[in-house]
Amino acid sequence: MDLSTTIGPLRLKNPVMTASGTFGYGLEFAPYLDLARLGAVVVKGLSLAPRPGNPSPRIYETPAGMLNAIGLQNVGIDAFLRDKLPPLRATGATIIANVLGGSAEEYVEAARRLAGADGLAALELNVSCPNVTAGGIHFATDPAQTGRVTGAVRRAIGDFPLIVKLSPNVTDIVAFARACRDAGADAVSAVNTFVGIAIDAETLRPRIANVTGGLSGPAIKPLAQRLVHDICRSVDIPVIGIGGVMTAMDALEYLALGARAVQVGTANYIRPAITMEILEGVEAFCRRRAIDRIESYIGAFHRQPQSPPPTR
């Protein structure tokens with residue numbers, strides 16, 4: 001059985017990845033699973049200088065989801081390269097660095113420094129975090145700005161694999177995917193969290209200190225899958241599906257819609273080894289359906305004649 005998949009120039013051993021911001025720097029999960037078996041480990045967002053993040057409370061559980069406003073807290077690129085990357089590289093994991101900045105110049109400098117690091121397989125450009133007042137989100141709300149920062153990073157890193165993580169909080173996500181493709185991105189990750197709010201009716205206080213936060217988990221899966229569906233139908237760029245992947249069947253739904261891989265996020269908070277359970281579930285599905293190459297299943301939904309589901 002061949003579960004390998006390609007995302008532009010990047011070849012992964014299987015389509016199950018972790019989502020940035022939900023898997024730490026990867027090392028935190030090493031006691032629970034073999035990181036080298038995953039398609040890729042995407043580390044939390046990295047900036048040129050360390051960031052303290054937003055004040056607490058920063059996470060609140062909602063019905064079928066999670067609201068968070070971490071604020072891109074991270075140790076900074078220097079500490080990551082010195083302290084985090086060497087032991088993570090030693091696990092044999094395929095490592096993707098999520099990169100962020102407060103300006104196009106910061107994105108470029110951060111990407112340039114990370115792209116040459118031994119052990120990194122690709123960069124994921126985070127232009128879509130909804131939980132900070134500066135950096136990222138203003139690039140995510142205008143396709144021209146998304147294309148501008150993507151193009152600047154592409155020119156800075158040469159042919160190093162580049163993925164752009166898109167925001168769902170826009171009117172037409174297809175326009176953003178096109179802007180990324182035209183600016184030289186190898187793929188897009190779709191999608192980041194949806195902006196939401198939760199309050200306490202008794203105290204009239206917000207549940208998280210930032211007031212608004214990013215909603216993730218099963219609650220957003222139908223919304224995220226619709227966006228992945230739209231991109232895959234309209235733009236010839238590889239897509240990594242994100243949003244509510246809790247089981248192998250969730251992952252397979254994204255693959256059938258045309259995503260070439262999936263990222264698992266909120267589920268990591270429930271069971272640290274859940275990515276391995278999802279991978280094993282995908283393997284079991286392929287055995288049961290006699291699918292010898294996962295590539296043959298990717299996009300299968302679009303190759304089927306669409307008719308209404310049977311009535312009961």
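Within this structure, ALA267 fails the test of being buried (at least 22 other Cβ atoms within 10 Å of the Cβ) and either among the aromatic types (Phe, Trp, Tyr) or in a loop (DSSP other than H, G, I, E, B) (or both). Pairing residues of the stretch 85-99 that are without any contact (Cβ under 8 Å) to a residue 40 or more places away in the chain and part of a helix (DSSP H, G or I) with residues that are among the β-branched types (Val, Ile, Thr) and surrounded by fewer than 24 Cβ atoms within 10 Å (Cβ to Cβ), at Cβ distances under 9 Å and at least 6 apart in sequence or on separate chains, gives LEU85/ILE95; ARG89/ILE95. A single member of VAL245, VAL235, VAL195, VAL228 is in contact with a helix residue (DSSP H, G or I) (Cβ under 7 Å, 6 or more places away or on another chain) and under 30 Å from PRO57 (Cβ atoms), and it is VAL245.
Just a yes or no: is a residue in the stretch 169-188 surrounded by 18 or more Cβ atoms within 10 Å (Cβ to Cβ) and part of a strand (DSSP E or B)? Looking for residues that are surrounded by 18 or more Cβ atoms within 10 Å (Cβ to Cβ) and part of a strand (DSSP E or B), one finds at least one in the stretch 169-188, hence yes. Taking the stretch 232-256 as the range and being closer than 21 Å to LEU215 by Cα, among the β-branched types (Val, Ile, Thr) and surrounded by fewer than 24 Cβ atoms within 10 Å (Cβ to Cβ) as the test, only THR247 passes.
Against the conditions (1) out of contact with any strand residue (DSSP E or B) (no Cβ under 7 Å at 6 or more places or on another chain); (2) surrounded by fewer than 21 Cβ atoms within 10 Å (Cβ to Cβ); (3) modelled with pLDDT of 95 or more, GLY147 satisfies every one except (2). Only one of the listed residues (ARG260, ARG303, ARG271, ARG289) is modelled with pLDDT under 95 and of a type in the set (D, E, K, R). That residue is ARG303.
Screening the candidates ILE220, ILE240, ILE231 for the property of being in contact (Cβ under 8 Å) with a residue 40 or more places away in the chain, under 16 Å from VAL42 (Cβ atoms) and not in a loop (DSSP other than H, G, I, E, B) yields one hit, ILE240.
Might you check whether a residue that is of a type in the set (S, T, N, Q) and either at pLDDT below 95 or surrounded by fewer than 16 Cβ atoms within 10 Å (Cβ to Cβ) (or both) occurs anywhere in the stretch 50-57? Taking every residue of the stretch 50-57 in turn, at least one turns out to be of a type in the set (S, T, N, Q) and either at pLDDT below 95 or surrounded by fewer than 16 Cβ atoms within 10 Å (Cβ to Cβ) (or both). Scan the stretch 273-304 for residues that are assigned to a loop (DSSP other than H, G, I, E, B) and under 27 Å from ALA187 (Cα atoms) and the total you get is 7. Of the residues that sit in the stretch 270-297 and are within 18 Å of PRO31 (Cβ to Cβ) and of a type in the set (A, V, I, L, M, F, W, C), which one is surrounded by the most Cβ atoms within 10 Å (Cβ to Cβ)? Step by step, filter the stretch 270-297, then rank; the result is LEU279. Among the residues of the stretch 198-228, those identified as hydrophobic (A, V, I, L, M, F, W, C) and either touching a Lys or Arg at 6+ places or on another chain (Cβ under 8 Å) or closer than 20 Å to SER20 by Cα (or both) are ALA198, ILE199, ILE208, ALA209, LEU215, ALA219, ILE220, LEU223, ALA224, LEU227, VAL228.
The values are calculated or read from the model by the stated rules, or taken from the named source; none is laboratory data. Predicted, not measured: the structure shown is a model, and the values here were computed from it. Please note: Cβ atoms are built from the backbone with ideal geometry, for glycine as well, and neighbour counts cover all protein chains shown.
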